[in-house]
């Protein structure tokens with residue numbers, strides 16, 4: 001997955017699987033190709049075209065349609081078309097308001113644009129709805145809290161991110177910037 005650099009911090013957009021475990025896919029699905037492009041950093045015009053064709057030409061399930069909008073949004077972000085990516089994340093949320101990673105990706109996009117106040121409710125929704133990447137969500141919310149001046153909440157979320165994914169180095173690196181003093 002692609003690392004987005006936000007004022008020295010790396011954040012990852014979250015691809016959604018194009019097919020659930022119970023779905024058998026015969027041949028090469030364009031939706032699956034779109035998913036792999038978003039996951040494997042293949043952010044090219046060909047990847048975008050596969051995503052477009054999946055949405056226009058394939059009979060996708062509701063979940064796969066939502067996933068393909070998210071994945072196309074990720075491809076678009078990395079191709080520099082953040083406005084179109086934002087519309088894709090909005091479309092995914094509209095189609096399935098319960099899909100947490102649509103909110104997380106939209107929140108990460110807002111955070112990337114230095115819009116912490118706008119990112120916060122989206123990241124909160126992702127956490128409340130059970131994102132597949134809770135460590136990333138808490139990390140991102142910690143960065144948003146810090147940008148908004150709430151250092152205590154930022155520290156707590158960065159600690160939570162580290163606890164959720166102890167092998168991920170970024171939360172620990174950010175926590176090292178803090179000095180905790182007793183009252």
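Computed from the coordinates by the stated procedures, all read-outs in this text should not be read as laboratory data. This structure is a prediction, so every number in the text was calculated from the model and none was measured. Positions of Cβ are backbone-derived with ideal geometry, glycine not excepted, and every protein chain shown enters the neighbour counts.
Going from the alpha-carbon gyration tensor of region 60-138, what semi-axes, largest first and in whole Å, does one get by taking the root of 5 times each eigenvalue?
On the way: eigenvalues 62, 52, 18 Å².
Gyration-tensor ellipsoid for region 60-138: 18, 16, 10 Å.
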Alpha carbon centroid spacing (whole Å) that separates region 136-171 from region 38-64: 32
For a footprinting-style exposure proxy, rank 51, 34 by other Cβ within 10 Å, fewest first. 51, 34
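Using Cβ counts within 10 Å as a stand-in for footprinting exposure, how do 36, 78 rank, fewest first?
36, 78
Decide, for region 109-183, between rounded, prolate and oblate: order the square roots of the alpha carbon gyration tensor eigenvalues as a ≥ b ≥ c, take rounded if a/c falls under 1.5, and otherwise choose prolate if a/b is larger than b/c, else oblate. Intermediate results must be reported in sequence, preceding the final value.
Values: a/c = 1.80, a/b = 1.23, b/c = 1.47.
It comes out oblate by the Cα gyration axes.
Order the peptides 141-147, 61-67 from the highest to the lowest mean number of other Cβ atoms within 10 Å of their residues.
On the way: 141-147: 23.9, 61-67: 19.7.
Packing order, densest peptide first, comes out as 141-147, 61-67.
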Over all directions, average the projected area of the Cα convex hull of region 17-98 and note it in nm². 5.1
Multiply the residue separation of residue 117 and residue 79 by 0.36 nm, subtract the distance between their alpha-carbon atoms, and state the gained length in nm to one decimal. 11.2 nm
